[in-house]
1. Taking amide hydrogens as modeled 1.01 Å from N in the peptide plane, which residues meet the under 5 Å criterion relative to Trp74, leaving out close sequence neighbours?
2. What are the ³J(HN,Hα) values, in whole Hz, obtained from phi via the Karplus relation 6.51 cos²θ - 1.76 cosθ + 1.60 with θ = phi - 60°, for each residue of region 75-91 in sequence order, with x given for Gly and Pro?
3. In sequence order, what are the phi-derived ³J(HN,Hα) couplings for region 35-52 according to the Karplus relation 6.51 cos²θ - 1.76 cosθ + 1.60 with θ = phi - 60°, rounded to whole Hz, with x for glycine and proline?
Amino acid sequence: MKFALIANFVFFALAANATPAAISARKNTVAGSAQLTCPIVSSDGAVNVRTCASTSCGVATTVNPGDNVIFTCWTTGTVISGNPFWDKTGNGHYISEHYIGGSCPTSLPEC
């Protein structure tokens, strides 16, 4: 229980970094699909797949540029290069939308 309270506090503190306008725009425009496969893009090599939507969370695995990953929904977290959105993978982990190609993420529902 103590861990859950701390985790919730950390999540809400991180979400505060997201701009309200960006979050509102996303909520108002996405009807969403339950699952999408999207490409990973990165000029820096492998991308960390994290246990939560924060760079302070553990790395569950990595994916390479060009890999296709199944995503189920989006949330907010640590801002990466101005982007506060993170997408949840089909296996319950998270990748910053900074590393997800195309318009794929904007078609996901909120988690």
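1. Long-range HN contacts for Trp74: Lys88, Glu110, Cys111.
2. 8, 10, x, 4, 7, 10, 6, x, 9, x, 8, 10, 10, 8, 7, x, 9
3. 7, 9, 9, 10, x, 8, 10, 6, 8, 9, x, 4, 10, 6, 9, 9, 6, 8
Taken together, the values in this text are just the output of simple stated rules run on the coordinates, not laboratory data. Treat the numbers as computed from the prediction; the structure is a model and nothing was measured.
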